[in-house]
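Everything on this sheet refers to the single structure shown next.
The values are calculated or read from the model by the stated rules, or taken from the named source; none is laboratory data. On a predicted model such as this, the values are computed, not experimentally measured, just so you know. Because the Cβ atoms are built from the backbone with ideal geometry, glycine has one as well, and the counts that use them run over all protein chains shown.
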Amino acid sequence: MAEIKLSHLRHSYLPNPSGPDDYALKEIDLTWRDGGAYALLGPSGCGKSTLLNIISGLLAPSEGKVFFGEQDVTTLAPNERNIAQVFQFPVIYDTMTVRQNLTFPLKNRGVDEATIARRVSEIAEMLEVTEMLDTRAAGLSPDNKQKISMGRGLVRDDVNVVMFDEPLTVIDPHLKWKLRSKLKELHQRVQATMIYVTHDQTEALTFADEVVVMQDGVVVQIGTPVELFERPQHTFVGHFIGSPGMNVLPCDLKGDRAIFEGYDITLEGPLTARDGAPQIGIRPEYISVTSTGLPATVTKVADVGRHFVIDAIVGNTKLKAVSEHTAPDAGSSVHLTFKPDQTRVYRDGWIATEARK
Amino acid sequence: MRTENQKAWFFVLPVLFLVAFNALLPMMTVVNYSVQETFGNNQFFWEGLDWFEQILRSERFQAALGRQFLFTGIILAIEVPLGIIIALSMPRKGFWVPVCLVLMALPMLIPWNVVGAMWNIFALPKIGMLGYFMNDVLGIHYDMTQDPLAAWITIIVMDVWHWTSLVVLLCYAGLVSIPDAYYQAAKIDAASPWSVFRYIQLPKIKTVLTIAILLRFMDSFNIYTEPFVLTGGGPGNSTTLLSIDLVKIALGQFDLGPAAAMSLIYFAITLAVSWVFYVVMTKDDQ
C-alpha cells in the first residue's frame with residue numbers, strides 16, 4: 001500500500017507526436033493519497049481510461065513517471081505492481097467455479113493453502129457470494145459476475161490500488177445503486193486506494209471522496225463533490241456536473257463589473273489577473289424568479305419531480321433556472337435574480353473571480 | 001389482431017422439393033437396393049437384412065473400417081493441436097494478418113482431385129520433387145507406390161497440408177473475438193501463459209473448435225478423391241479407405257445390394273460418431 005504519484009505524465013498513441021493535439025494525455029501531475037476513494041470523471045475520449053491503463057501498467061506512458069510510494073514503477077508489468085483492475089464488463093474465468101476464480105490470483109502468486117482459504121471466505125462474505133462459491137461462474141448474473149471480478153482483486157491483501165473502469169456499464173439500473181453502495185462499503189472495510197473511472201457524475205460523486213475531472217487529456221479540476229458543484233474551476237466542470245449544468249453566458253467586462261445583455265451583474269468578488277474571452281457562469285439553482293431584476297421571457301417549464309426546470313430567454317440569450325415549489329407559466333414575462341456569491345466570471349473557460357472574504 | 005393462415009408453407013415448399021430430390025429420394029433408393037438382389041433387367045428379389053449381415057461380417061469391410069478409423073484418428077490428432085498452435089501464433093493485428101489469412105486459405109481453395117494429382121506427381125520416386133529428394137539426395141528409401149508405410153505417410157501429410165487451415169481459421173476467428181480485457185485481467189492475476197490458454201483461450205474457442213473437429217471428422221471419414229487419385233487405394237489394399245472400397249463394390253463389381261447396405265452402415269457410423277461427439281462437447285453448456 002502506498003501513495004501513487006504521477007509525475008509529468010504525457011501519452012500519445014502515435015509513434016511521433018508533433019503537437020499537443022496528438023497527445024491523449026497532456027502533462028498530468030497528480031498524487032493519490034493512500035487509502036483514498038477517487039473518481040476519474042470525464043466524457044468519453046477524455047483520456048481517463050488511458051490514464052488508468054498507465055497506472056495499472058497495461059500501457060507505458062510516452063513521457064513521465066509513475067511512482068508507488070518511493071518506487072518508480074513506470075516500466076513494471078501489471079503483475080509486478082500489485083494492483084487490481086475491474087473492467088467495463090465482467091471478466092471471469094468461465095470454466096472455473098466462483099471459488100476457483102477467487103483463488104486464482106493467489107495460487108498464481110504461490111500463497112499457501114490456509115491463507116487462501118481464509119482470504120477467500122472473508123472476501124466471499126464481504127461480497128455476499130458465499131452461497132455461490134461452488135457454482136460455475138459462467139452461469140451467474142452480470143452483477144454477480146462483476147462482484148467476482150472485484151473479488152479477484154480484493155482477495156490479495158497487498159494491493160496498492162484497485163481500479164474500476166466504468167464497472168457498472170452492463171449492470172441493470174436497479175442493481176447499480178446496490179453495487180455502488182457495496183463498493184463504498186468495501187472501500188471502508190479494506191482501506192485500499194480505489195480509483196473509479198466513469199463518465200456518470202452520479203457514480204463519481206457518490207463513490208469518491210475526491211473527484212478528478214478530465215477533459216481532452218487535461219485535468220480541469222480536482223475536488224470533493226461539494227467543491228465541484230459549488231465552485232467549478234472551469235466552465236466544463238460547471239456544465240458537466242449538475243443537472244441541468246451551469247449556465248455559461250456571454251458578457252462584457254467594464255472595469256470590475258460584468259455586463260450581461262446590457263444589465264449590470266453583481267459578481268462574487270473582484271476579478272483576477274487572468275485574461276481571455278469573458279463569460280458569466282451561474283448554476284440554475286442560484287437563479288431565482290423575483291419581482292425585480294433581469295426581465296426575461298419563459299419559454300418552457302419542465303416538472304422533473306423534485307423541482308421545476310425553467311427555460312427562459314434574456315435578450316438574445318437562453319438560460320435555465322431551477323425553482324423548488326412554484327413556476328411561472330410558459331410564455332409569461334418574469335424577472336430573474338442571480339445570487340451574487342454564486343455568480344462568477346470565467347475567461348477562456350477558467351475561473352477569473354475571487355470569492356469575497 | 002394476428003391473422004393466421006397457411007401461406008408460409010408456400011415458402012417452404014420449394015426447399016422441400018429440392019431436398020426430396022437431392023437427398024431423400026436417392027437415400028430411399030439406396031434403402032430399396034439394400035434389401036433386394038438384382039440381376040439387371042429390373043428384376044428384384046427380396047433379401048431382407050442379409051446384405052447388412054454379410055457386410056458387417058466381412059473381413060474386407062472390417063479391415064477398411066479399421067483403416068478408416070486409423071486415418072481419421074491420426075489426422076485429427078495432428079490437425080487439431082497443430083491448427084490451434086498455428087492460430088495462437090498468428091498476429092492479431094497489423095500488416096501480416098491478411099497475408100497469413102490468405103496463405104492459410106490457399107490449400108483449401110484447390111480442388112480435391114487437383115490436390116491428389118499434385119501430391120501424386122510431387123511424391124513419385126524419380127519424377128517427383130519429394131520422391132527424388134528423399135531417395136536420391138537424402139538416401140532414404142521412399143516409394144509410396146510400393147511401400148504401404150510410405151503411402152500412409154503421404155496421404156496423411158497431404159491431408160494435413162490440405163485441411164489444417166480449416167482448424168486454424170476457425171480457431172483464429174474464435175481467438176480474435178476475445179476482448180483485450182481478458183488478457184489484461186490475466187496479466188494482473190499473474191496467470192502463466194499456459195493458464196491463459198487453459199482458462200481463457202480454450203474455453204472461448206471451444207464452440208468453434210467443436211465445429212472444426214466435427215467438420216474434420218466428417219470430411220476425413222468420408223474422404224475419397226484425394227487418396228483415390230494419390231494411391232488408388234494401394235499398394236495392395238493398404239490405403240483402401242471405406243469410400244474407396246464402397247466405390248469398388250458399387251461401380252467396380254456392380255454389387256448394388258451389398259454396396260447399398262454398406263452405404264447405410266457407413267452413413268449410420270458417421271452420424272452416430274458425430275452425434276455422440278457433439279452431445280459430449282456441448283453437455284457442459286446447459
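The set of residues from region A:61-120 being within 14 Å of chain B (Cβ to nearest Cβ), assigned to a helix (DSSP H, G or I) and small (G, A, S) is empty.
The residues of region B:251-286 that are aliphatic (A, V, I, L, M), more than 30 Å from B:K206 (Cβ to Cβ) and in contact (Cβ under 8 Å) with a residue 12 or more places away in the chain, listed by number, are B:L256, B:A259, B:A260, B:A261, B:M262, B:L264, B:I265.
On inspection, B:L130 fails the criterion of being out of contact with any Ser or Thr (no Cβ under 8 Å at 6 or more places or on another chain), part of a helix (DSSP H, G or I) and in contact (Cβ under 8 Å) with a residue 60 or more places away in the chain.
Yes or no: region A:313-322 includes at least one residue that is hydrophobic (A, V, I, L, M, F, W, C), within 18 Å of A:Q233 (Cβ to Cβ) and within 27 Å of the chain's Cα centre (by Cα). No, region A:313-322 contains no residue that is hydrophobic (A, V, I, L, M, F, W, C), within 18 Å of A:Q233 (Cβ to Cβ) and within 27 Å of the chain's Cα centre (by Cα). Cβ-Cβ contacts under 6 Å between residues 6 or more apart (or on different chains), taken from a first residue in region A:36-58 that is under 12 Å from A:V219 (Cβ atoms) to a second residue that is crowded, with 21+ Cβ neighbours inside 10 Å and of a type in the set (D, E, K, R), are listed as A:L40/A:K48; A:G42/A:K48.
When each of A:A84, A:A117 is tested for being modelled with pLDDT of 85 or more, of a type outside the set (K, R) and touching a Gly at 6+ places or on another chain (Cβ under 7 Å), the lone residue that passes is A:A84. Within region B:204-221, is even one residue within 14 Å of chain A (Cβ to nearest Cβ), crowded, with 20+ Cβ neighbours inside 10 Å and closer than 30 Å to A:K107 by Cβ? Yes, that holds for at least one residue. So for region A:209-228 (the condition being away from chain B (no Cβ under 14 Å), out of contact with any Gly (no Cβ under 7 Å at 6 or more places or on another chain), closer than 26 Å to A:A124 by Cβ and touching a residue at least 24 places away in the same chain (Cβ under 8 Å)), does at least one residue qualify? Scanning region A:209-228, I find no residue that is away from chain B (no Cβ under 14 Å), out of contact with any Gly (no Cβ under 7 Å at 6 or more places or on another chain), closer than 26 Å to A:A124 by Cβ and touching a residue at least 24 places away in the same chain (Cβ under 8 Å), so the answer is no.
Conditions tested, residue by residue: (1) modelled with pLDDT of 90 or more; (2) touching a Pro at 6+ places or on another chain (Cβ under 8 Å); (3) exposed (fewer than 15 other Cβ atoms within 10 Å of the Cβ).
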| position | (1), (2), (3) |
| --- | --- |
| B:E226 | no, no, no |
| B:G234 | no, no, no |
| B:T239 | no, yes, no |
| B:L242 | no, no, no |
| B:A272 | yes, no, yes |
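Here is the figure for region B:244-269: residues that are within 15 Å of the chain's Cα centre (by Cα) and surrounded by 15 or more Cβ atoms within 10 Å (Cβ to Cβ) total 3. Filtered by the rule that a residue be within 21 Å of A:M132 (Cβ to Cβ) and either surrounded by 19 or more Cβ atoms within 10 Å (Cβ to Cβ) or not assigned by TED's automatic domain parsing to the domain that holds A:R136 (or both), region A:148-178 gives A:I148, A:S149, A:M150, A:G151, A:R152, A:G153, A:L154, A:V155, A:R156, A:P167, A:L168, A:I171.
Inspection of region A:178-192 finds no residue satisfying the criterion of being in a loop (DSSP other than H, G, I, E, B), of a type outside the set (F, W, Y) and modelled with pLDDT of 85 or more. Could you say which residue among B:F39, B:F44, B:F52 is at pLDDT 80 or above and either farther than 12 Å from B:D245 by Cα or surrounded by 15 or more Cβ atoms within 10 Å (Cβ to Cβ) (or both)? Matching residue, one of B:F39, B:F44, B:F52: B:F52.
Going through (1) within 14 Å of chain B (Cβ to nearest Cβ); (2) in a loop (DSSP other than H, G, I, E, B); (3) not small (G, A, S) one by one, A:R152 falls short only on (2). Whenever a residue of region A:15-30 is assigned to a loop (DSSP other than H, G, I, E, B), its partners that are modelled with pLDDT under 80, lying with C-beta atoms within less than 6 angstrom and at least six residues away or across chains, give the pairs A:Y23/A:P17. Close contacts from region A:333-350, counting a first residue that is in contact (Cβ under 8 Å) with a residue 24 or more places away in the chain and a second that is loosely packed, with under 15 Cβ neighbours inside 10 Å and of a type in the set (D, E), with Cβ to Cβ under 9 Å and a gap of 6+ residues or different chains, come to A:Q342/A:E230; A:R347/A:D275; A:D348/A:D275. Do we have B:G139 as of a type outside the set (D, E, K, R), touching a residue at least 12 places away in the same chain (Cβ under 8 Å) and either over 26 Å from B:F197 (Cβ atoms) or in contact with a Gly (Cβ under 9 Å, 6 or more places away or on another chain) (or both) here? The answer is no for B:G139. Could we say that A:I55 is out of contact with any Lys or Arg (no Cβ under 6 Å at 6 or more places or on another chain), modelled with pLDDT of 85 or more and more than 10 Å from chain B (Cβ to nearest Cβ) here? So A:I55 fits the description; yes.
Conditions tested, residue by residue: (1) under 30 Å from B:V167 (Cα atoms); (2) modelled with pLDDT of 90 or more.
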residue	(1), (2)
B:V99	yes, yes
B:V102	yes, yes
B:W112	yes, no
B:N120	yes, no
B:L124	yes, no
B:M129	yes, no
B:Y132	no, no
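Per the conditions (1) buried (at least 20 other Cβ atoms within 10 Å of the Cβ); (2) more than 14 Å from every other protein chain (Cβ to nearest Cβ), the sole criterion not satisfied by B:I200 is (2). Scanning region A:112-138 for residues that are of a type in the set (A, V, I, L, M) and over 35 Å from the mean Cα position of the chain (by Cα) yields a count of 2.
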